[in-house]
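Here the structure comes first, spelled out in structure tokens, and everything after it is commentary.
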Amino acid sequence: MRPANEALLVIDVQNDFCPGGALAVTGGDEIVDPINALLPEYQVRVFTQDWHPADHLSFASQHGADPMTTTEMHYGTQVLWPDHCIIGSDGAAFHPGLETDPANLIIRKGFRREIDSYSAFFENDKMTPTGLEGYLRSRGVDTVACVGLATDFCVNYSAVDAANLGFKVTVIESLCRGIDFDGSLDAARAGMRTAGVELS
Ligand code: VGL
Ligand code: ZN
């Protein structure tokens, strides 16, 4: 059992990021059983869900553009994705094999049409908080381990934000899978290391 100051963050293990989903990550479903096995080790367990309105501005369909191109939003460059994780849809549901009963808190993010939110801590404007920092601090957490999907986007942004907020952060890479689009996985690994995130 890990001590009470350590939290496990289970990022976006949702149908749309698993094989057959709208934004499938190769091998995304392979991490489900090992995450289930890890959950009882932690006393603080937080899950996140990507949770977008159907007209979310991170969707290429809203711009008449092709998925995996980019556009400029008011907060900077944004990758345009296939429609995914639409609020209430099967694609937005957790993978059916994931044990969700152990979750103490489920954070939903990306629910504002105008701002995407990769990180579990701040939306992509880097300013709008999700509330997770306060939750963790008020439970006495100073150390987080991150697992889930996708390594190079939501896990990466969550881990870097956590490190910048002063948490001690480990990303358990064997319990993550990446999208790896245009060098994004290597860039994410380098960025995480620079931020002081331990990759284990
Ligand atoms: C994610 C792209 C768009 C993720 C979410 O969970 O990594 N990636 N929305
Ligand atoms: Zn998304």
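Under a 1.4 Å probe, what is the accessible area of region 88-144 per residue, stated in Å²?
So region 88-144 comes to 49 Å² accessible per residue, rounded to a whole number.
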Next item on the list: Would you work out if region 1-64 is rounded, prolate or oblate? Take a ≥ b ≥ c from the square roots of the eigenvalues of the alpha-carbon gyration tensor; rounded if a/c is under 1.5, else prolate when a/b is larger than b/c, oblate otherwise.
Entry: oblate
Item checked: Three-way shape call for region 16-135 based on the alpha-carbon gyration tensor, with the a/c threshold at 1.5 -> oblate
Item checked: Cα shape, the chain, gyration tensor, a/c 1.5 rule -> prolate
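What size of dipole, in debye to the nearest 20, comes out for the chain about its Cα centre when the only charges are +1 on Lys and Arg C-beta atoms and -1 on Asp and Glu C-beta atoms?
My answer is approximately 660 debye.
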Next item on the list: Search the structure for amide H atoms under 5 Å from the amide H of Ala150, placed 1.01 Å from N in the peptide plane, and list their residues when 5 or more places away or on another chain.
Entry: Val155
Notebook entry, point to check: Whose amide H sits under 5 Å from the amide H of Ala7, counting only residues 5 or more places off or on another chain, with H placed in the peptide plane?
Noted result: Thr143, Val144, Ala145
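Rank by packing, highest mean first: peptides 36-44, 10-18, with packing defined as the count of other Cβ atoms within 10 Å averaged across residues.
10-18, 36-44
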Check: Residue separation times 0.36 nm, minus the C-alpha to C-alpha distance between Arg193 and Asn164: what's the value?
Finding: 9.3 nm
Notebook entry, point to check: Label Asp101 and Asp66 with points 7 Å out from Cα along Cα→Cβ: what is the distance between them in nm?
Noted result: 4.7
Note to self: Using each residue's phi in region 19-30, evaluate 6.51 cos²θ - 1.76 cosθ + 1.60 at θ = phi - 60° and report the 3J(HN,Hα) Karplus result to the nearest Hz, with x for Gly and Pro.
What the structure shows: x, x, x, 5, 9, 5, 9, 4, x, x, 7, 5
Next item on the list: Determine how large the accessible area of Ser138 is when every protein chain is in place; take a 1.4 Å probe and give Å² rounded to the nearest 10.
Entry: 100
Checklist line | Karplus 3J(HN,Hα) series, Hz, for region 85-97 with 6.51 cos²θ - 1.76 cosθ + 1.60 (x for Gly, Pro) | finding: 6, 6, 2, x, 7, 4, x, 7, 5, 4, 3, x, x
Notebook entry, point to check: In degrees from 0 to 90, rounded to the nearest 10, what is the angle of the helix 184-194 Cα long axis to the longest principal axis of the chain?
Noted result: 40
Check: How would you rank 181-192, 114-125, 163-174, 142-153, highest first, on the average number of other Cβ atoms within 10 Å across their residues?
Finding: 142-153, 114-125, 163-174, 181-192
Check: What is the Cα convex hull volume of region 107-200 when expressed per residue in Å³?
Finding: 95
Notebook entry, point to check: When only the heavy atoms of the protein chains count and the probe is 1.4 Å, how do Trp51, Trp81 rank by accessible area, highest first?
Noted result: Trp51, Trp81
Notebook entry, point to check: Ignoring any ligand, DNA or RNA, what whole percent of the accessible area of region 114-200 comes from carbon and sulfur when the probe is 1.4 angstrom?
Noted result: 50
Item checked: Positive dipole terminus of the chain, leading residue within Tyr157, Ile87, Phe121 (C-beta point charges) -> Phe121
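The values are calculated or read from the model by the stated rules, or taken from the named source; none is laboratory data. From a predicted model like this one, the values you see are computed outputs, not experimental measurements. Cβ coordinates were reconstructed from backbone atoms using ideal geometry, including for glycine residues, and neighbour counts include every protein chain displayed. All accessible areas refer to the heavy atoms of the entire protein, side chains included, with ligands and DNA or RNA removed. Shrake-Rupley method; radii C 1.70, N 1.55, O 1.52, S 1.80 Å.
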